[in-house]
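The values are calculated or read from the model by the stated rules, or taken from the named source; none is laboratory data. Keep in mind it's a predicted model, so treat the numbers as computed, not measured. Ideal geometry is used to build each Cβ from the backbone, glycine not excepted, and the neighbour counts take in all protein chains shown.
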Amino acid sequence: MKRFADLIDRLSCESGRNARLRMLRDYFATTPDPDRGYALAALTGDLSFANAKPALIRQMISARTDPTLFAMSYDYVGDLSETAALLWPDAGAGTRNDLSLTAVVETMTAALRPQMADLLASWLDDLDETGRWALLKLVTGSFRIGISARLTRTALAQYGNRDVEEIEAVWHGLTPPYLPLFAWLEGRGPRPKPQHLAPFRSPMLAQPINETELRQLNPPDFVAEWKWDGIRVQAALGTGGDGAPIARLWSRSGEDISAAFPDLIAELTGKAHFEGAIDGELLVVQNGAVQSFNVLQQRLNRKTASSKLQAQYPAHIRAWDALALNGEDLAPLPWTERREHLENLVSRLNSPRISLSPLVPFASWDELAAARGAPAATDLGVDAAAVEGCMLKRRDSPYISGRPKGPWFKWKRDPHLIDAVLMYAQRGHGKRSSFHSDFTFGVWRTGDDGARVLTPVGKAYFGFTDEELGQLDRFVRANTINRFGPVREVTHTAAHGLVLEIAFEGLRRSPRHKSGVAMRFPRIHRIRWDKPPGEADELATLEKLLAAD
Amino acid sequence: MAQRRASPDQDLPDNILPEQDNSGRRPMTGRRAADLLTITPQGLYCPAGDFHIDPLRPVARALVTHGHADHARAGHGRVLATAETLAIMGVRYGDNFAGSSQTASPGVSLAIGNATVTFFPAGHVLGSAQILIEARDVAGRLTRLVASGDYKREADPTCAAFELVPCDIFITEATFALPIFRHPPADAEIARLLQSLRLFPERAHLLGAYALGKAQRLIALLRAAGYDAPIYMHGAMEKITALYQGFGVELGDVRPVPPREGRGGGDLPGAIVLCPPGALQDRWSRRFADPVHGLASGWMRTRARARQRGVELPLVISDHAGWPDLCRTVVETGAEEIRITHGQEDALAHWCATRGLTALPLHLLGYGDDDAAAAEEAVTDAAAIGAAP
């Protein structure tokens with residue numbers, strides 16, 4: 001328990017990806033089975049204890065503290081687990097450094113609800129503060145330390161000298177404490193067999209490409225599809241031991257997102273059931289028209305979906321690849337053969353929720369460039385709003401997990417550009433902690449009194465080179481007019497200030513922002529040292545873009 | 001350092017209890033305390049001896065508990081403090097930091113006006129003291145009041161240990177007066193630092209610490225843990241550290257950060273570098289090899305605070321008493337009246353009330369605004385020695 005507590009304690013304050021990976025690798029390398037397997041499960045969200053809940057923690061700590069002091073402390077700390085860990089009476093603190101994570105997990109799994117309070121109390125009495133905090137985080141199941149399941153598996157892959165895709169391919173048949181997995185990674189055992197009935201397959205990803213690079217390629221070797229602006233999804237279907245159909249929706253990184261899309265799952269386990277897996281884009285389709293990413297967002301980052309939400313924003317799969325069918329692995333086949341399987345399948349399913357991603361016909365790169373530049377002018381019609389460029393796939397390419405160089409390219413549409421004025425800057429984290437690297441920028445708006453004022457429209461913290469970051473940092477330090485804690489206000493008048501050319505992917509209305517708009521994926525495209533701030537763009541320019549979307 | 005023999009003060013007018021007038025004084029609420037100590041815009045004031053304790057602005061006569069910038073200020077007429085505190089003030093403000101200065105020897109009583117004062121070790125930093133004031137109250141009873149300044153009760157190899165002084169009225173700080181502030185053993189925190197050095201042997205470990213007290217204690221703790229490599233420090237800490245060594249505190253091989261080589265980062269891989277907290281995110285820090293940012297402070301007890309400061313390696317090491325020690329000390333002094341100067345006054349006052357003790361917050365402003373004070377201290381130190389910030 002102590003090692004695990006120290007690990008998550010250290011991870012909770014670390015923001016650098018490489019440092020986090022190193023801490024995780026070090027933990028896997030130096031911690032014995034089965035402790036490390038349970039730690040892995042805790043970090044990937046694969047542990048939960050039905051009989052231990054946050055309300056229990058609150059009840060237990062309230063019974064042991066003065067209510068006024070508890071209220072003052074909770075108010076100061078702001079996190080229940082941490083407050084309870086800090087406040088817990090220190091009877092034998094630190095005397096149980098030998099308590100193992102395995103003992104905690106296995107005992108809690110077996111414990112009945114009425115036993116839970118006494119069990120937790122006996123551990124809390126004996127652990128030190130970090131140990132208590134880790135235990136309570138384990139109980140509530142929400143670490144909130146910024147470590148994703150994917151990052152954890154990446155560390156595991158590095159530890160075992162494998163690609164993370166190889167881990168993901170076997171992950172979903174395994175259960176804590178993952179003894180066969182560690183045995184395989186350490187060369188002591190065979191590769192675990194994927195046992196999931198609707199397993200995740202690590203997806204094939206595309207390389208970005210620009211027009212110059214594109215023109216080095218031979219058009220007849222490739223097919224083009226639209227690049228849909230939704231989220232990548234893999235639908236895996238199978239049959240359970242009891243003969244019941246099974247369907248799972250997997251995200252690009254292998255998270256099971258089925259629970260958020262009951263409408264699709266009902267279709268895939270019902271009328272549109274098949275044996276196999278398809279790859280595609282998850283979109284919202286209303287009255288036959290594909291909606292923009294802004295609309296799709298209503299369905300994202302949710303654990304469930306109400307029936308009202310399902311009716312208002314129906315989920316849909318635009319399929320572009322078939323990975324397996326009726327027990328046959330299609331991945332080694334060339335794209336042309338997989339496409340044939342896919343077309344047959346989609347037409348056979350005849351489902352309003354599954355459609356084929358159409359091909360974009362072209363004979364030359366010029367023709368494709370024209371289609372990419374004006375998708376609405378093709379036969380896409382209204383669906384053009386949900387397109388963010390083109391995908392290029394080699395006709396002869398098999399389906400290869402990971403991001404192989406050569407077979408697949410994404411040729412995204414050009415971003416929107418706007419000239420904005422730097423208004424505020426904030427220090428970054430980790431390596432960037434001595435640099436002002438988070439920049440808030442604004443555009444001009446005419447106030448009620450007729451005067452032009454800047455209104456903030458977004459924040460960007462990448463897009464620049466290290467050298468440019470140094471220049472921006474110097475500018476911020478030399479032109480600070482105000483400080484609010486870690487934030488500096490920078491000169492921004494019509495005559496003095498710095499213009500930043502901001503690139504962004506899209507815009508949506510946002511009542512949460514003062515300007516009324518929010519940008520998607522904003523980044524600094526160019527620093528306009530030459531341009532006076534008075535000549536930067538107006539809010540009206542952005543509003544026109546909203547209307548056009 | 002000018003040392004004067006302890007003598008009753010002859011220059012001041014007879015000490016008559018000042019009337020509560022419109023001079024800005026307000027009595028300390030409460031019974032016997034009001035007769036011994038009042039609050040003026042300059043800070044705590046003892047009418048019987050006509051002196052201030054740790055005044056924030058220049059006064060004719062100041063008794064100073066310890067050398068931190070929010071307690072020891074320049075420009076007073078006369079200053080009475082321990083030899084170490086006077087030396088620290090000399091380093092910070094120059095030899096003319098006061099009109100004159102007088103050394104208080106721990107445990108030796110001095111008569112000042114109608115009061116008798118005695119300094120006792122407070123265990124906070126080198127030279128830190130509690131001040132016992134003995135005087136008669138309005139009713140003619142002899143009353144003992146202890147102004148404890150800042151104190152801690154944990155062992156600290158760099159300063160004299162706290163001595164418990166029984167009294168009627170105890171004035172305590174409350175910097176960490178919430179039950180969540182139980183400082184862990186300092187050696188366990190040092191072990192975490194050493195563990196991080198093992199995990200990241202190619203990275204410089206940049207450790208923020210107050211220049212006076214915390215920095216030297218960290219070095220002494222590292223030495224006690226067997227770490228004998230050179231320890232590097234920011235220019236703002238050098239003079240104070242040399243002063244500690246001059247007072248006989250063993251710190252081993254301590255070096256200034258060497259001049260920068262070239263423009264790229266990468267200096268001092270695998271070394272421990274101490275700096276004022278304000279320098280952690282300063283441009284100065286760019287020169288080091290992919291630094292791990294640490295900070296040693298009682299405030300690191302909560303993770304949100306550590307993350308807010310961008311600290312990757314928070315070390316919970318404090319020179320102030322934590323909650324259990326504050327509560328214990330209040331009780332052990334036997335005081336019947338408790339006054340709370342700065343920090344989380346309300347929580348400690350509430351706890352005292354549940355134990356049947358009279359405790360009132362004084363709402364003194366200007367002391368121990370934690371991070372702000374640390375930043376100010378770094379700047380003060382840097383300015384004092386002319387170092388680049």
Quiz item: Which residues, taken from segment A:282-295, are part of a helix (DSSP H, G or I) and farther than 12 Å from A:Gln312 by Cβ?
Solution: A:Phe293, A:Asn294
Exercise. State the number of residues belonging to segment A:379-413 that are of a type in the set (Val, Ile, Thr) and surrounded by fewer than 16 Cβ atoms within 10 Å (Cβ to Cβ).
Key: 1
Practice problem: Mind counting the residues in segment A:223-264 that are more than 22 Å from A:Gln195 (Cβ to Cβ), part of a helix (DSSP H, G or I) and of a type outside the set (A, V, I, L, M)? | Solution: 2
Quiz item: Listed residues A:Ser81, A:Ser12; which is surrounded by 16 or more Cβ atoms within 10 Å (Cβ to Cβ) and at the interface with chain B (Cβ under 10 Å from one of its Cβ atoms)?
Solution: A:Ser12
Quiz item: What number goes with the only condition from (1) more than 10 Å from chain B (Cβ to nearest Cβ); (2) in contact (Cβ under 8 Å) with a residue 40 or more places away in the chain that A:Leu86 does not pass?
Solution: (1)
Quiz item: Is there any pair with a first residue in segment A:213-225 that is among the charged types (D, E, K, R) and a second that is part of a helix (DSSP H, G or I) and surrounded by 12 or more Cβ atoms within 10 Å (Cβ to Cβ) whose Cβ atoms are under 6 Å apart and which are 6 or more apart or on different chains, and what are they?
Solution: A:Arg215/A:Trp365
Quiz item: So, in segment A:1-45, of the ones that are closer than 24 Å to A:Leu124 by Cβ and among the charged types (D, E, K, R), which residue ends up farthest from the chain's Cα centre (by Cα)?
Solution: A:Lys2
Quiz item: Which one is farthest from A:Leu86 (Cα to Cα), of the residues in segment B:169-210 that are in a strand (DSSP E or B) and assigned by TED's automatic domain parsing to the domain that holds B:Asp70?
Solution: B:Ile169
Quiz item: How many residues does segment A:141-162 contain that are surrounded by fewer than 19 Cβ atoms within 10 Å (Cβ to Cβ) and more than 13 Å from every other protein chain (Cβ to nearest Cβ)?
Solution: 9
Quiz prompt | Residue match in segment A:30-42 (condition: assigned to a helix (DSSP H, G or I), of a type in the set (D, E, K, R) and without any contact (Cβ under 8 Å) to a residue 60 or more places away in the chain) | solution = no
Practice problem: Quick one: B:Arg305 ticks every box in (1) surrounded by fewer than 21 Cβ atoms within 10 Å (Cβ to Cβ); (2) touching a Phe, Trp or Tyr at 6+ places or on another chain (Cβ under 7 Å); (3) facing chain A (nearest Cβ under 8 Å) except a single one, so which number is it? | Solution: (3)
Quiz item: If you go through segment A:413-426 one residue at a time, do you hit one that is more than 23 Å from the chain's Cα centre (by Cα), of a type in the set (Ser, Thr, Tyr) and not in a helix (DSSP H, G or I)?
Solution: yes
Practice problem: List every residue pair whose Cβ atoms lie under 7 Å apart, where the two residues are 6 or more positions apart in sequence or sit on different chains, the first residue falls within segment B:193-206 and is within 11 Å of another protein chain (Cβ to nearest Cβ) and more than 13 Å from A:Arg22 (Cα to Cα), and the second residue, located anywhere, is surrounded by 15 or more Cβ atoms within 10 Å (Cβ to Cβ) and at pLDDT 95 or above. | Solution: B:Leu206/B:Val273; B:Leu206/B:Cys275; B:Leu206/B:Gly294
Quiz item: B:Asp11 versus (1) at pLDDT below 85; (2) out of contact with any Pro (no Cβ under 8 Å at 6 or more places or on another chain); (3) surrounded by fewer than 13 Cβ atoms within 10 Å (Cβ to Cβ); (4) within 28 Å of B:Thr175 (Cβ to Cβ): which is the lone unmet condition?
Solution: (4)
Exercise. Count, please, the residues in segment A:87-98 that happen to be modelled with pLDDT of 90 or more and either within 16 Å of A:Phe49 (Cβ to Cβ) or touching a Phe, Trp or Tyr at 6+ places or on another chain (Cβ under 8 Å) (or both).
Key: 1
Quiz item: Restricted to segment B:270-297, and to residues that are touching a Phe, Trp or Tyr at 6+ places or on another chain (Cβ under 9 Å), more than 9 Å from every other protein chain (Cβ to nearest Cβ) and surrounded by fewer than 21 Cβ atoms within 10 Å (Cβ to Cβ), which residue is farthest from B:Ile231 (Cα to Cα)?
Solution: B:Gly270
Practice problem: Check whether at least one residue in segment B:282-291 is at pLDDT 90 or above, of a type in the set (A, V, I, L, M) and not assigned by TED's automatic domain parsing to the domain that holds B:Leu126, and report yes or no. | Solution: no
Quiz item: Quick check: is even one residue across segment B:318-336 more than 10 Å from chain A (Cβ to nearest Cβ), in contact with a Leu (Cβ under 8 Å, 6 or more places away or on another chain) and in a strand (DSSP E or B)?
Solution: no
Practice problem: Only residues that are hydrophobic (A, V, I, L, M, F, W, C), within 27 Å of A:Pro114 (Cα to Cα) and within 9 Å of another protein chain (Cβ to nearest Cβ): list them for segment A:60-78, please. | Solution: A:Phe70
Self-check item: Boolean, A:Leu151 is assigned by TED's automatic domain parsing to the domain that holds A:Arg36 and in contact (Cβ under 8 Å) with a residue 60 or more places away in the chain
Solution: no
Practice problem: Could you please find all residues in segment A:43-57 being touching a residue at least 12 places away in the same chain (Cβ under 8 Å) and not in a loop (DSSP other than H, G, I, E, B)? | Solution: A:Leu43, A:Thr44, A:Pro54, A:Leu56, A:Ile57
Practice problem: Name every residue in segment A:362-384 that is in a loop (DSSP other than H, G, I, E, B) and either in contact with a Leu (Cβ under 6 Å, 6 or more places away or on another chain) or touching a residue at least 40 places away in the same chain (Cβ under 8 Å) (or both), in order of residue number. | Solution: A:Phe362, A:Ala363, A:Ser364, A:Leu380
